[in-house]
Amino acid sequence: MVGGIFLRCSVDLCEKIPFRLDVAVLAGKLRLERGSPDFHELSSMVDLAVRVGRPKAAYVEAYVEFAADGEVVIGGISFPGRLLTRNLGGAGRVFPYVATCGVEMDEVAPSDGDILKAYWWDAIKSELLYAAERFFRDEVKRIYRLGKVAVVRPGAGDADIWPVERQRDLFQLLDGVEERLGVRLMDSCLMIPNQTVSGILYPSERSFHSCEVCRREGCSSRRADFDQEMWEDTRGG
Ligand code: SF4
């Protein structure tokens, strides 16, 4: 934390987020045969999720107050890391956020200790998280009339790019977010519910994906090619 007058507003909540769950699509992703007992089980889980699911997000409008090599200051809190300086340094206004599938999904988790059912329920939670993050992104773009945006997330990419431990700084910036969203940031920096993400959204003509600064080989979830030059440029800090 640094001294001074901090340029950040109060935390805004996105609640009553609409979401749609398509059993057939989910079953396809989970490789369940349509009409099978497993398909029917998944279908009842989807019905339950539709009844209880409350995806949510919280964000704050804040300004990059200072940017120098290896550090930006947002809302009075210092965020070390050359990736942040590189991506946020010229952004001016940014939107730190937390999005979640919602604690309600953990309160009714219907797996009964069955690993397979727990996996299916987690896949449903992931759909709710996706809906929450998409809603937040669209809402911020609409309210603040933003064009293209990009997101950086602590812990994504190589460990030393923006370490997951820095998530604590993000939670500090989002004053009261744990109480308001019901999420918890553990000592390990894992979040509960597990289908929760945090990050900083910022206006940018250039898209950015953490995979560009991640050297993990053979990752089936990779969504962008590794960028050696960017990786070298963003290490440390
Ligand atoms: S390559 Fe895989 S592990 Fe690395 S950031 Fe992308 S999805 Fe995550």
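Each value in this text was obtained by applying a stated rule to the coordinates, not by laboratory testing. Given the structure is predicted, the values throughout are model-derived calculations rather than measurements. Every residue, glycine as well, gets a Cβ built from its backbone with ideal geometry; the counts of neighbours run over all protein chains shown.
Near the amide H of ALA150, under 5 Å away, which other amide H atoms are found, from residues 5 or more places off or on another chain, if H is placed in the peptide plane?
HN-HN under 5 Å from ALA150: TYR202, SER204.
Tell me, TRP120, TRP162 in order of fewest to most beta-carbon neighbours within 10 Å?
TRP120, TRP162
Tilt of helix 115-143 relative to the longest C-alpha principal axis of the chain, in degrees (0 to 90, nearest 10)?
Orientation of helix 115-143: about 40 degrees from the principal axis.
Roughly what angle does helix 37-52 make with the longest principal axis of the chain, taking Cα atoms, 0 to 90 degrees, to the nearest 10?
Roughly 50 degrees between the two axes.
Rg (Å, one decimal) plus Dmax (Å, integer) for the alpha carbons of the stretch 150-201?
10.7, 31
Which ordering of ILE17, ILE115, ILE74 is given by a fewest-first count of other beta-carbon atoms within 10 Å? Kindly include the intermediate steps, with their values, before the conclusion.
Details: ILE17 20, ILE115 8, ILE74 27.
The most exposed by this proxy come first: ILE115, ILE17, ILE74.
Could you name the aspartates and glutamates whose alpha carbon sits less than 16 Å from that of LYS16, not counting residues in the same chain fewer than 8 places away?
The qualifying aspartates and glutamates are GLU104, GLU127, GLU133, ASP138, GLU139.
Along the stretch 61-71, what does the Karplus equation 6.51 cos²θ - 1.76 cosθ + 1.60 (θ = phi - 60°) give for ³J(HN,Hα), rounded to whole Hz, x for Gly and Pro?
7, 9, 10, 6, 8, 7, 9, 9, 4, x, 7
Based on DSSP H runs of at least 4 residues, each adding -39500 (n - 2.57), what is the mean residue ellipticity at 222 nm of the chain after dividing by all its residues, to the nearest 500 deg cm²/dmol? Please list the in-between numbers first.
Numbers: 8 runs with 82 residues, N = 237.
Dividing the helical sum by the residues of the chain leaves -10000 deg cm²/dmol.
Please report how far the C-alpha centroid of the stretch 89-118 lies from that of the stretch 35-64, rounded to the nearest whole angstrom.
Their Cα centres are 9 Å away from one another.
Would you please classify the overall shape of the stretch 12-230 from the alpha carbon gyration tensor, given that a ≥ b ≥ c denote the square roots of the eigenvalues, rounded means a/c under 1.5, and beyond that prolate means a/b larger than b/c while oblate covers the rest? It would help to have the intermediate numbers written out before the result.
Values: a/c = 2.02, a/b = 1.67, b/c = 1.21.
Prolate, since a/c reaches 1.5 and a/b exceeds b/c.
With a 10 Å Cβ neighbour count serving as the proxy for reagent exposure, in which order, fewest first, do LEU116, LEU181, LEU26 appear?
Details: LEU116 12, LEU181 25, LEU26 21.
Exposure proxy ranking, most exposed first: LEU116, LEU26, LEU181.
Of the candidates ASP106, ASP225, ASP122, which one comes out as most mobile in a Gaussian network treatment of the chain with C-alpha springs shorter than 10 Å?
Greatest mean-square fluctuation among the candidates belongs to ASP225.
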